[in-house]
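The values are calculated or read from the model by the stated rules, or taken from the named source; none is laboratory data. The structure presented is a predicted model; accordingly, all values stated were derived computationally and were not measured. All Cβ positions, glycine included, derive from the backbone under ideal geometry; neighbour counts span all protein chains shown. When the accessible area is computed, the model is the full protein with side chains, heavy atoms only, and any ligands, DNA or RNA have been set aside. Shrake-Rupley method; radii C 1.70, N 1.55, O 1.52, S 1.80 Å.
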Amino acid sequence: MAAGNITVTTAANFIPEIWSPECRIATEANLVMAKLVNTDYEGEIKEYGDTVHIADISNLSATDKAADTDVTFETITEGKVDLVINKHKYSAFKLEDIVKIQSRVDLRSKYTSKVGQALAKAIDTDLFALYAALGQSVGTAATDVTDAVILRGIQYLDDADAPAGQRSLVLKPSQMHAILGIDKFVRADAVGYLAAMSPITTGKLQGGEFNPSQVKGYFGQIYGVSVYVTTNVPTTGTSPISTHNLLFHRDAFLLAKQQDIRTQADYNIRSLATEVVADVLYGVLEFRDAFAVRVLS
């Protein structure tokens, strides 16, 4: 008579399943736009109001002075742009006491971090969405960015007299990969033996007051333009897929947060649960159209 073995099936009641206190946290995109755009008008909207009116100042012309002739004064009628604070967004969760007591993981802490991330991504996404109104575009849908495309985009900013500093190129990872495949950027025999001669500088910004280490996703510089990589670059369509990378000067876009991201918690005695809500109040605006170029790929 064969002896019966004790197997994992027959002994299942004695074999525990273990839940690790270490969780698989959802990956988070590099959020770059809020650090790269103009936020100078936030101070004017912090206390009250819902709109900041920003008046234009036009350039004046020089005219030849004719002898014995009075000067002619220019007629100046200025326009304005309005920065409207119209985006109030929130993220929230509710954690029951029984979960808090029985869980090995501090879920309140984990999800509190996630609500802040959700709102930061919403701001980043709204700034990216301003690409749709841009009047300048380079590149072709479903085609990798090339050296010539980057140079043409930089030319557009130069033609608009955009200041040389505080320019940014924000790319999808696939397009950063494509750029690194361009010989002149990476091959020693193409670049030359002096690192300073390279059109790409990686690791840190050369000069200036802006510290790129404050922004996740910073890659380096191409032709003096700071380059950032993020999966949050918007795409549209299916065949082909259009990727809307951006090349811009800081003043191309405005962001004003009337209320920065805040997190509040309250205990709901009826639910025996803790409620956590984070919210933010802000507005975004395309400010100088000629200071930005959509880099299509």
task: Determine whether region 79-95 contains at least one residue that is of a type in the set (D, E, K, R) and open to solvent by less than 50 Å² (accessible area, probe 1.4 Å).
output: no
Residues satisfying the stated conditions in region 169-189, i.e. polar (S, T, N, Q) and over 15 Å from Val138 (Cα atoms): Ser174
- prompt: Does region 99-117 contain at least one residue that is of a type outside the set (Ser, Thr, Tyr) and part of a strand (DSSP E or B)?
  reply: no
- request: Give region 30-43 a look and list any residue that's surrounded by 13 or more Cβ atoms within 10 Å (Cβ to Cβ) and part of a helix (DSSP H, G or I), or say none.
  value: Met33, Ala34, Lys35, Leu36, Glu42
message: I'd like the residue in region 236-271 that is among the β-branched types (Val, Ile, Thr) and under 21 Å from the mean Cα position of the chain (by Cα) and, out of all such residues, is nearest to Gly224 (Cα to Cα).
response: Thr243
- prompt: What number of residues within region 124-165 are within 20 Å of the chain's Cα centre (by Cα) and at pLDDT below 95?
  reply: 1
- prompt: So which residues in region 96-123 are more than 18 Å from the chain's Cα centre (by Cα) and open to solvent by less than 90 Å² (accessible area, probe 1.4 Å), if there are any at all?
  reply: Asp97, Val99, Ser103, Val105, Leu107, Ser109, Lys110, Thr112, Ser113
message: Please verify whether Lys89 is touching a residue at least 60 places away in the same chain (Cβ under 8 Å), outside any helix (DSSP H, G or I) and under 21 Å from Pro234 (Cα atoms), treating the condition exactly as stated.
response: yes
- request: Return the residue satisfying two criteria in turn: it lies in region 270-297 and is in a loop (DSSP other than H, G, I, E, B) and charged (D, E, K, R), and of such residues it is most open to solvent (accessible area, probe 1.4 Å).
  value: Arg270
- request: Name the one entry in Asp158, Asp144 that is open to solvent by 70 Å² or more (accessible area, probe 1.4 Å), not in a helix (DSSP H, G or I) and not aliphatic (A, V, I, L, M).
  value: Asp144
message: I need the full set of residues from region 44-65 which are in contact (Cβ under 8 Å) with a residue 24 or more places away in the chain and assigned to a loop (DSSP other than H, G, I, E, B), in order please.
response: Ile45, Lys46, Gly49, Asp50, Asp56
- request: For residues that are open to solvent by 60 Å² or more (accessible area, probe 1.4 Å) and hydroxyl-bearing (Ser, Thr, Tyr), tally how many sit in region 161-180.
  value: 1
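This table checks each residue for (1) polar (S, T, N, Q); (2) touching a strand residue (DSSP E or B) at 6+ places or on another chain (Cβ under 7 Å).
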position: Phe248; (1), (2): no, yes
position: Phe253; (1), (2): no, yes
position: Ala256; (1), (2): no, yes
position: Gln259; (1), (2): yes, yes
position: Ile269; (1), (2): no, no
position: Val277; (1), (2): no, yes
position: Asp289; (1), (2): no, no
position: Val293; (1), (2): no, yes
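Tally the residues that are out of contact with any Leu (no Cβ under 9 Å at 6 or more places or on another chain), of a type outside the set (D, E, K, R) and outside any loop (DSSP other than H, G, I, E, B), restricting the search to region 232-269.
Result for region 232-269: 7.
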message: Being modelled with pLDDT of 85 or more and open to solvent by less than 100 Å² (accessible area, probe 1.4 Å): is that true of Tyr48 here?
response: no
